[in-house]
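Contents: one structure, followed by commentary.
The values are calculated or read from the model by the stated rules, or taken from the named source; none is laboratory data. From a predicted model like this one, the values you see are computed outputs, not experimental measurements. Accessible surface is based on the protein model in full, side chains and every heavy atom, while ligands, DNA and RNA are left aside. Shrake-Rupley method; radii C 1.70, N 1.55, O 1.52, S 1.80 Å.
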Amino acid sequence: MAYDRGTGKLPGSGRPGTPRGTAAGRRAGVRAALAVLPLLFFGAFFAYPVAAIVTRGLHQGGRWRFGRFADVLGDAGIRHVLWFTCWQAAASTALTLLVALPGAYAFARLDFPGRRLLRAIVTVPFVLPTVVAGSAFLALLGRGGFTDSLFGLRLDTSAWAILIAHVFFNYAVVVRTVGGVWAQLDPAQEEAARMLGAGRFAAWRRVTLPAIAPSVAAAALMVFLFTFTSFGTIQILGGPRYSTLEVEIYRQTAEVFDLPTAAVLTLLQFAAVLAILALHAWTVRRRESALRLVDPALTAHRPRGAAERTLLGGVLAVIGVLIVLPLGVLVTRSFDTPGGYGLAFYRALGSTDGGTFSVAPWQTLWNSLRFAAVATVIALTVGGLAATVLVRRAGRLVRGFDALLMLPLGTSAVTIGFGFLIALDRAPLDLRDSWLLVPLAQALVGAPFVVRVMLPVLRAVDERLREAAAVLGASPWRVWREVELPLVSRAVAIAAGFAFAVSLGEFGATVFIARPDDPTLPVAVARLLGRAGPLNYGQAMALSTVLMVVCAASLLLLEALRTNGSGEL
C-alpha cells in the first residue's frame, strides 16, 4: 500500500463509502462537535457582553443613534486621542523593531553563555501586568526615581516614557517571533550567495531579508496591536496629558458615564483591530508557505570576528539598560523604606492598617493565583478544543474561526469588563455576585495564547498516524488520547504556563469586575499607586516585585520545557 506524497494521505482516504472515507467523515463530524464549546464560550463571554455595551450606548428610545459617530468624531478632544493613539503605536512599533531586531539575530544565530536564561529574562516584561511595567518605569524615570536622583531628569508624564515602556514591554515579541524563524533558516543559502560573488550585505538583503520579512511584518503588527490598545502603561505614565482610545473608553465609561461615546470609541477600536488582525493573518500564511526550515540547533555559532562580538555586546548592553535596570530599580524601591533599606513594606502587606483594602494586600496574591489557576483550566479546555478544530488549514470558515479566537487580544479589555457587568446579570448567565467573572475574563485573554502555542504542534503530527489508528478501529477519543496527547503533552504544558502568566497579569477587565473584598494583585498595585504616601508607594513596589518573581518563575519553567522553537508565539 503506497503513500500518496501529493495528498499526504493513504490511498482511498476520504472516499465516501470506503472505511477510510467513513473514518474521515467521522473525524470531520467530531471536529464540528468540538467547535461547539469554543463558539459558545466566545459567544457568551465575548460577543454578548461587547454587543450589550454597544447596544446600551447606541440604541436609545427604541431606535439606533448612529448620529453619535459624527458627534464623537467632530469632537476635537477625541480627534486628539485618535491621533495620539495612532502615532504612539506607530512610533512604539518602529522603536521596538529598531532596538529588538539585533537581539533577534543574536539569540537566533549566536551561541553564548547564558543565552537560555537571558531569553527567559527578556520575556518577563511581556507577561508582566502593564501596571507593574508602568510601576517599574515610574521608579526609574519618575519623581525621586533613578534618573531624577542621579541626573535631575524626569520623564514621567512624557511621551518618551510611554515609548520606552512599550519597547520594554514588546522587546520579546520581536525577539521570539523573528528570532524563531531566523534560527531555522539554512545559513548555507546565504553562504552560497557569497560564494557566487555577492557581498555580505547584498547576500543578507537578497537571501535572508525576504525570508524573515513576513515574520518581521507579523511582529510589527502584533506590537502595533498591543500598543494601539495600551491601557495600564498610559494610565500610570501618561498622566492627564496623554490618553489612548482604550484609556478614553475607560474614562467615558467609568468617570464621565457617557456610554454612547464609549460605544462609538469601542466600535472604532474594533474596526482597527479587525484590520490589523487581517493583515497579521495574511503575513502568517505567507510565513507558513514560503520557507524551508532546518533544525535551529545547527545554525547557531560562537561569535566570530569583531563585528559579531560588537553586536553581541551592544545587545547585552541594551538588555541591561532597557530590561534589567527597570526591574532592578523596582526591586530596590521595594526595600527602600523611610528608615533605610529593609522589609518594612513587605511586612506592611500583611496588615490592613493602610485602609486601602478590606483585606491584607498579601491576600491579593492568593486571589491572583487562585483565579489564574481556574482561568488556565478554562483557557486550556477552550483553546485546546479550538486548536484541534483548526488543525485543518483549508477553508474560509476555519480561517474565520481562527480570527474570532484572536479578537479578544485586541478588543478593549475595559469594554469586556464593563460588558460583563451589564450583560451577565440575568438567568441563565446571572454571574453578578460570582467570583467566576474574573477567571472567565482572564480565560478570554489566555485562550488565544493556548491556540497559538498548540496549533503548530498539532499540525506537525503525522496525519497518517491518526488515519492508521482510525482504520484499525480506534474511536476519535482513543486516537486523541493514545496518538496525539503523548506527542503534544509538552506543548500543553507550555500553553498552560503562558495562559497562567497572562491571566495572572490581566488588568483592564479585572479592574471593573474584581470585588472590593476580593481584588487581584494587579488591581491592588493600581489602587496603591493611586493613593498618596510613601507607605502606599512602597507596598505597590513590593507587590509588583512579588508578581514579577512569580511571572519570572513561570517563564523559566516554560524555557526549560521549550525545545526546538516550540512555544514561540
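Key figures for this structure:
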read-out: Per-residue ³J(HN,Hα) for segment 372-380, Karplus 6.51 cos²θ - 1.76 cosθ + 1.60, θ = phi - 60°, Hz, x for Gly and Pro; value: 5, 5, 5, 4, 5, 4, 5, 5, 5
read-out: In sequence order, calculated HN-Hα J values of segment 533-548 (Karplus, 6.51, -1.76, 1.60; Hz; x Gly/Pro); value: x, x, 5, 5, 5, x, 5, 4, 5, 5, 5, 4, 5, 4, 5, 4
read-out: Nonlocal amide H pairs with Leu110, under 5 Å, H built at 1.01 Å; value: His301
read-out: Nearest-10 value in Å² for the accessible area of Trp87, using the 1.4 Å probe; value: 80
read-out: Other-chain or far-sequence residues with amide H under 5 Å of Leu429's (modelled H); value: none
read-out: Probe 1.4 Å, protein heavy atoms only - accessible area per residue of the chain in square angstrom; value: 43
read-out: Mean separation of Cα contacts under 8 Å, 6 or more apart, over the residue count of the chain: relative contact order %; value: 23
read-out: Computed lengthening from Leu298 to Arg79, 0.36 nm per intervening residue step minus Cα-Cα distance; value: 73.7 nm
read-out: Cα gyration tensor category, rounded, prolate or oblate, for the chain with a/c compared to 1.5; value: oblate
read-out: For Gln60, distant residues with modelled amide H under 5 Å away; value: Arg65
read-out: Solvent-accessible surface (1.4 angstrom probe) belonging to Asp517, in square angstrom, nearest 10; value: 80
read-out: Accessible surface, 1.4 Å probe, highest first, among residues Tyr48, Tyr346; value: Tyr48, Tyr346
read-out: Carbon + sulfur, % of accessible area of segment 332-476 - ligands and nucleic acids excluded, 1.4 Å; value: 62
read-out: Table column - 3J(HN,Hα) (Hz), segment 427-435, Karplus curve with 6.51, -1.76, 1.60, x for Gly and Pro; value: 4, x, 10, 7, 10, 3, 9, 8, 5
read-out: His59, His280, ranked by accessible area, largest first (probe 1.4 Å); value: His59, His280
read-out: Accessible surface of segment 60-200 [probe 1.4 Å, protein heavy atoms]: carbon and sulfur percent; value: 64
